[in-house]
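**Q** Below are the structure tokens for one structure; questions will follow.
The values are calculated or read from the model by the stated rules, or taken from the named source; none is laboratory data. What you are looking at is a predicted structure, and each value in this text was computed from that prediction instead of being measured. So basically every Cβ, Gly included, is an ideal-geometry build from the backbone, and we count neighbours across all protein chains shown. All accessible areas refer to the heavy atoms of the entire protein, side chains included, with ligands and DNA or RNA removed. Shrake-Rupley method; radii C 1.70, N 1.55, O 1.52, S 1.80 Å.
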Amino acid sequence: MGSMRVARSPMFVVTAFLFLLFLGISASPVLDVHFGADGEFRIDIDGIPSFQSGGVLFRSNGKSYGSQKTVASYALRLIRSETGTGIDTFGKYKYATNFWDADGVPGIMKIRVYEAGFCIFEQSYPEGLSTTNIDDRDGVITSFPSFKLGKIGNNKRGFLAYNGHFAGSQYITGLWEEEAASKLPYGLEGTGPIAVFSPERGGPCAILSAFSSFMSVNQYVDQNAQVLRFGLMGSTTFVPKNYTLSTILFVGRGINSAMQAWGDILLTNYKKDRTRSREDFATKYLGYSTAKGGYYYYRTEEGKTYEETILDLKNVAEESKIPIRYWLMDSWWYYKGLGQGVKKWEAFTGLFPNGLANLYNKTKWPVVAHNKYWTPDVVYAKQNGGKWNFIIEEEKALPTELGFWSELFNVPARSWGLVTYEQDWLIDAFQGMNCTLESPTFAREWLFQMAQGAGVNNITIEYCNPWSRFVLQSVEFQQVTSLRASDDYKPRNNQWEIGVTSIFADALGLIPIKDNFRSASPNHVVLQEEVRRAECKLNIDEYGEEMINQVLNKVPTPAICSAIELCNTKAGCILCEALVDKIKELMEQEKTVSELLQFAKVYCLRYPKDIDDHEPHRRLEAAVSTLSMGPVTPSDASNSFDRDLIMRSCREDGTILRPDVPAKMIDSAIVSMVFKDRFNGTEAGNIWASHTYLSGFDYAQVLAARSTDFEVFYEDLFKDNVTYAAFEVNDTNCLHVIGRNDKIALPSTDAITFQLWNLSPVLPSGWALLGETDKWVSVSSARFSNVSSTKDGLIVHLKGVVGENVTVAAWSKNGGLKVAHCVLPNFLATISFPTCQCS
């Protein structure tokens, strides 16, 4: 970083704001609940009617009972109501309890309204319920609360609803009053937090979600009644005695702020420590990945085992001074059984001839180990000659004993360095079993036992490909520290777009994972025909019979290639589809399965296409991995690492220089998805912000990628009234000053021309710590432990590796730019500005 020019350029456009108005907006919304004599209620926010109840429902003995004619075929009878006040962990509340009867079967519905600004809705069944299931597993067999959809008063609100796989990454937005009934997601896949928000900056935002029984709850849009319902999923066959299910409605100001406060309530209720995830080894340090999209996914170095390949990687990393601290083993490493599930969670014969323990002893790299769903022929089950009780169904299996998980993790944790267990294919394991869909308790018990087993062995858990219900369920488990926040990586895709799922993950104390990335530039990528051919043959060895069976069953060619994992690159898809078409031709010649398999292997080895696996968005991939708070896991071939790019993310010892809060889409960018008329008819795109908190000051990072021209206001980033010095990582020689009456005018960007801004507060001395301007996050708590003002400068305390070269910049209006070059004499050092003295 050389000399720096200071400017209030067109990047920062001056506009006026009333500070008192800002303070007024910051006040918490007023929440009122009006109870009716018929068991109905209305919720007002800031005196405005906002939610109207839509009746009570529950099923018993094969019949549906409801409090309204539009709800069910049979009528519920309101026996009595109670109101009163109370106090608990969350403070004072008022409550209303309604006692309902369904032909002798009781149901109790209670609302607690807390002074802190939220409601808990509780449904309980003292005698249980029987014969409850319906034909629709996405429906509900109980309903409380429920909310009428459509126009209420003069409200004009938007909504954000988490939906689909990878932690609700297929989220849906829309206008609440006009579009909720037609667009809201529901059922197994669509149940998750719903944010109902005002378009005004800092306006009221209500968060609706389950508060308990996360794995068995559904939200359901009743199209006939135009009502949103919360209750047990439609496939539930019974409800045990004294079963209770809770839902929360929290009201805050601003989407991000409300989501964070909502998450705090859930974490407090289940006594989960938000900071636990920040110490997770796999997110704290630089790693290496062999996951899908990576160079060594189902592929080794030519003529070598995986053991030899990883040892070569270790040697290259040491020679290149790339401080890799652990590695991830993906789905290629264990034994698979029926339906390609996991038969035995042990290393496949020949991959590690001397064993994983020996590899760990040589590399000293701990391991993140992938797992899939259990197959019906799983060797650990008593039914198959094993030791443990499993429920085995037609396609999948699940263990039912805590001891199984404790024993499963014991040897890996003790002998070959297991630090994180990655449970993938969660959706398939859950929806592929009757026991998880019919019982209101079994799915939670499965995840509880897994977490307990991990805790006994002092390892953490990453949830991969979870629906939102899994994310919510994680609040009960200290061991679950991270989740995959987007789809699988492959070069050139846009799965780095995790800004919205990161809001959800961080609210519940989880690290949102972007997945691996290729760091190599096109000039360093190995483009060998043999590489793709070898990968093809490995996949045919594993999936060949399944592929031929799917051809026989006339499954479409693209679906076959996706299923057998040959489509992790465009070239791989081309190869696979050509191979499948050839097999279809040979089937007409009445070839045997063994003949077809042999042909497939030969075809792989003769395929003539060159492969180009480079990542054109590699800088953005590296930046997002860092801003997400990790993991940062390059996945290049051993001779293709870009060390300079990788080291922008970490210290010399591999510690990730990350923010304290992961990058999340800012409120106004979310609002622009719904209220485009407020933003010149366009959506903002990916405008994210992350934060580092140092010595009581807020250091922010702003990312714009695949975004339109957009103005970011001071209030979008900060709650204080401090002047900030800012620079963009692609132009560190130009400094900008932003006060609370300024806004940032960001240009249109794509995945290559993205912008990343670092903003540092100007301290009372007039100096701002700009930090390490050659890193993605210039001021990280992993580097700086304290900053303080002197009469005319700064004292900065930093940490790192003995002998590490660290360059730190600071600036003041009068003193200009100062750059200190410090070789750390110890693990800790101090820099004084403006003298730039290091000691």
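**Q** Filter region 327-349 down to the residues that are in contact with a Ser or Thr (Cβ under 9 Å, 6 or more places away or on another chain), open to solvent by 20 Å² or more (accessible area, probe 1.4 Å) and closer than 24 Å to N384 by Cα and list them by number. Don't jump to the end; show me each part of the working.
**A** So the first thing to find is which residues in region 327-349 are in contact with a Ser or Thr (Cβ under 9 Å, 6 or more places away or on another chain), and the list is 327-330, 332-333, 335-343.
Filter again for open to solvent by 20 Å² or more (accessible area, probe 1.4 Å), leaving 328, 335-336, 338-340, 343.
Scanning region 327-349 gives Y335, K336, L338, G339, Q340, K343.
**Q** Looking only at region 724-756, which residues are crowded, with 17+ Cβ neighbours inside 10 Å and of a type in the set (S, T, N, Q)?
**A** Listed by number, the residues that qualify are T732, T749, Q755.
**Q** Looking at region 427-456, which of its residues are assigned to a helix (DSSP H, G or I), open to solvent by 30 Å² or more (accessible area, probe 1.4 Å) and not hydrophobic (A, V, I, L, M, F, W, C)? Reasoning before the result, please.
**A** In the first step, residues of region 427-456 are kept if they are assigned to a helix (DSSP H, G or I); the result is 427-431, 434-438, 442-456.
Keeping just the survivors that are open to solvent by 30 Å² or more (accessible area, probe 1.4 Å) gives 428, 431, 434, 438, 442, 444-445, 448, 452, 455-456.
D428, Q431, N434, E438, R444, E445, Q452, G455, listed by residue number.
**Q** Residues to consider are V823, V802; find the one that is in contact with a Leu (Cβ under 7 Å, 6 or more places away or on another chain) and open to solvent by 10 Å² or more (accessible area, probe 1.4 Å).
**A** Result of the check over V823, V802: V802.
**Q** Inspect region 228-243 for any residue being free of Cβ contacts under 8 Å to residues at least 60 places away in the same chain and more than 24 Å from the chain's Cα centre (by Cα) and give the result as yes or no.
**A** First, pick out the residues of region 228-243 that are free of Cβ contacts under 8 Å to residues at least 60 places away in the same chain: none.
No, region 228-243 has no match at all.
**Q** Against the condition in contact with a strand residue (DSSP E or B) (Cβ under 7 Å, 6 or more places away or on another chain), within 30 Å of S668 (Cα to Cα) and among the aromatic types (F, W, Y), how does F230 come out, does it pass? Don't jump to the end; show me each part of the working.
**A** On the way: in contact with a strand residue (DSSP E or B) (Cβ under 7 Å, 6 or more places away or on another chain): yes; within 30 Å of S668 (Cα to Cα): yes; among the aromatic types (F, W, Y): yes.
Here the answer is yes, as F230 does meet what is asked.
**Q** For region 637-654, enumerate the residues that are in contact with a helix residue (DSSP H, G or I) (Cβ under 8 Å, 6 or more places away or on another chain), within 14 Å of G287 (Cβ to Cβ) and open to solvent by 10 Å² or more (accessible area, probe 1.4 Å).
**A** F641 - this is the single residue of region 637-654 that is in contact with a helix residue (DSSP H, G or I) (Cβ under 8 Å, 6 or more places away or on another chain), within 14 Å of G287 (Cβ to Cβ) and open to solvent by 10 Å² or more (accessible area, probe 1.4 Å).
**Q** Answer with yes or no whether N133 is out of contact with any Ser or Thr (no Cβ under 9 Å at 6 or more places or on another chain) and either part of a loop (DSSP other than H, G, I, E, B) or touching a residue at least 60 places away in the same chain (Cβ under 8 Å) (or both). Walk me through how you get there before you give the answer.
**A** On the way: out of contact with any Ser or Thr (no Cβ under 9 Å at 6 or more places or on another chain): no; either part of a loop (DSSP other than H, G, I, E, B) or touching a residue at least 60 places away in the same chain (Cβ under 8 Å) (or both): yes.
No: the conditions fail for N133.
**Q** Now a separate question. I'm trying to understand the selection: among the residues of region 681-693, which are open to solvent by less than 60 Å² (accessible area, probe 1.4 Å), in a strand (DSSP E or B) and out of contact with any Leu (no Cβ under 8 Å at 6 or more places or on another chain)?
**A** Of everything in region 681-693, those that are open to solvent by less than 60 Å² (accessible area, probe 1.4 Å), in a strand (DSSP E or B) and out of contact with any Leu (no Cβ under 8 Å at 6 or more places or on another chain) turn out to be G685, H691, T692.
**Q** Scan region 51-67 and report the pairs whose first residue is under 12 Å from D38 (Cβ atoms) and whose second residue is part of a strand (DSSP E or B), with Cβ atoms within less than 6 Å and a gap of 6+ or a chain change.
**A** Between residues of region 51-67 that are under 12 Å from D38 (Cβ atoms) and residues that are part of a strand (DSSP E or B), the close pairs are S53/F41; G55/G66; G55/S146; V56/M109.
**Q** A further question follows. Suppose we filter F99, F12 for residues that are at pLDDT 95 or above and either on the phi > 0 side of the Ramachandran plot or open to solvent by less than 60 Å² (accessible area, probe 1.4 Å) (or both); which single one remains?
**A** On the way: F12 fails: at pLDDT 95 or above.
None of the other options fit; the residue is F99.
**Q** Looking only at region 123-170, which residues are of a type in the set (D, E, K, R), closer than 22 Å to A206 by Cβ and within 28 Å of the chain's Cα centre (by Cα)? I'd like the intermediate steps shown before the answer.
**A** Filtering region 123-170 down to residues of a type in the set (D, E, K, R) leaves 127, 135-138, 148, 151, 156-157.
From what's left, closer than 22 Å to A206 by Cβ: 148, 151, 156-157.
Of everything in region 123-170, just one residue is of a type in the set (D, E, K, R), closer than 22 Å to A206 by Cβ and within 28 Å of the chain's Cα centre (by Cα), namely R157.
**Q** Related question: Give just the number: which of (1) in contact with a Lys or Arg (Cβ under 8 Å, 6 or more places away or on another chain); (2) exposed (fewer than 15 other Cβ atoms within 10 Å of the Cβ); (3) modelled with pLDDT of 75 or more; (4) not aromatic (F, W, Y) does L605 not satisfy?
**A** Unmet condition: (3).
**Q** Next question. I'd like the residue in region 408-426 that is more than 22 Å from the chain's Cα centre (by Cα) and among the polar types (S, T, N, Q) and, out of all such residues, is least open to solvent (accessible area, probe 1.4 Å).
**A** Taking the candidates together, the pick is S415.
**Q** So which pairs qualify, if the first residue must be in region 351-363 and part of a helix (DSSP H, G or I), the second must be surrounded by 15 or more Cβ atoms within 10 Å (Cβ to Cβ) and acidic (D, E), the Cβ gap must be under 6 Å, and the two must be at least 6 apart or on different chains?
**A** Correct list of pairs: L359/E307.
**Q** Output the residues belonging to region 725-769 that are more than 28 Å from S519 (Cβ to Cβ), modelled with pLDDT of 90 or more and β-branched (V, I, T).
**A** Answer for region 725-769, where residues must be more than 28 Å from S519 (Cβ to Cβ), modelled with pLDDT of 90 or more and β-branched (V, I, T): V737, I738, V762.
**Q** Quick check on K148: is it surrounded by fewer than 24 Cβ atoms within 10 Å (Cβ to Cβ) and under 21 Å from D46 (Cα atoms)?
**A** On the way: surrounded by fewer than 24 Cβ atoms within 10 Å (Cβ to Cβ): yes; under 21 Å from D46 (Cα atoms): yes.
Spelling it out, K148 is indeed surrounded by fewer than 24 Cβ atoms within 10 Å (Cβ to Cβ) and under 21 Å from D46 (Cα atoms).
**Q** Return the only residue of L596, L575, L579, L620 being buried (at least 18 other Cβ atoms within 10 Å of the Cβ), at pLDDT 90 or above and not in a loop (DSSP other than H, G, I, E, B). Let's see the steps before the verdict.
**A** Details: L596 fails: at pLDDT 90 or above; L575 fails: at pLDDT 90 or above; L579 fails: at pLDDT 90 or above.
Step by step, each of L596, L575, L579, L620 is checked, and only L620 is buried (at least 18 other Cβ atoms within 10 Å of the Cβ), at pLDDT 90 or above and not in a loop (DSSP other than H, G, I, E, B).
**Q** Scan T655, T626, T592 and give me the residue that is hydroxyl-bearing (S, T, Y) and under 21 Å from N493 (Cα atoms). Step through it out loud before you land on a result.
**A** Working: T655 fails: under 21 Å from N493 (Cα atoms); T592 fails: under 21 Å from N493 (Cα atoms).
Being hydroxyl-bearing (S, T, Y) and under 21 Å from N493 (Cα atoms) holds for just one of T655, T626, T592, which is T626.
**Q** Of all residues in region 509-527 being of a type outside the set (G, A, S) and modelled with pLDDT under 80, which is surrounded by the fewest Cβ atoms within 10 Å (Cβ to Cβ)? If you could, list the steps in order and put the result at the bottom.
**A** So in region 509-527, the residues of a type outside the set (G, A, S) come out as 510-518, 522-527.
When the remaining residues are screened for being modelled with pLDDT under 80, the result is 522-527.
On the way: P522: 12, N523: 8, H524: 15, V525: 20, V526: 16, L527: 12.
So the residue we want is N523.
**Q** Hey, another quick one. Filter region 107-127 for residues that are surrounded by fewer than 16 Cβ atoms within 10 Å (Cβ to Cβ) and either of a type outside the set (D, E) or part of a strand (DSSP E or B) (or both); which is modelled with the lowest pLDDT?
**A** First, the residues of region 107-127 that are surrounded by fewer than 16 Cβ atoms within 10 Å (Cβ to Cβ): 115-116, 126-127.
Among the residues that remain, those that are also either of a type outside the set (D, E) or part of a strand (DSSP E or B) (or both) are: 116, 126.
Values: A116: 92, P126: 98.
Top of the filtered list is A116.
**Q** A follow-up question, please. Do any residues in region 379-396 that are closer than 14 Å to C435 by Cα and open to solvent by 70 Å² or more (accessible area, probe 1.4 Å) have Cβ atoms under 6 Å from those of residues that are part of a loop (DSSP other than H, G, I, E, B) and of a type outside the set (F, W, Y), where the two are at least six apart or on different chains, and which pairs are they?
**A** The qualifying pairs are E395/G432.
**Q** Give region 666-680 a look and list any residue that's assigned to a loop (DSSP other than H, G, I, E, B) and either open to solvent by 30 Å² or more (accessible area, probe 1.4 Å) or among the acidic types (D, E) (or both), or say none.
**A** If we filter region 666-680 for residues that are assigned to a loop (DSSP other than H, G, I, E, B), which is where we start, we get 666, 675, 680.
Across region 666-680, the qualifying residue is only N680.
**Q** Out of curiosity, is P353 crowded, with 16+ Cβ neighbours inside 10 Å and not basic (K, R)? Steps first, answer last, please.
**A** Working: crowded, with 16+ Cβ neighbours inside 10 Å: no; not basic (K, R): yes.
Here the answer is no, as P353 does not meet what is asked.
**Q** Can I ask one more? Just name the residue that is nearest to the chain's Cα centre (by Cα) out of those in region 210-227 that are at pLDDT 95 or above and small (G, A, S).
**A** It comes out as A210.
**Q** Next question, about the same structure. If you go through region 528-537 one residue at a time, do you hit one that is touching a Leu at 6+ places or on another chain (Cβ under 9 Å) and either modelled with pLDDT of 95 or more or among the hydroxyl-bearing types (S, T, Y) (or both)?
**A** No, region 528-537 has no match at all.
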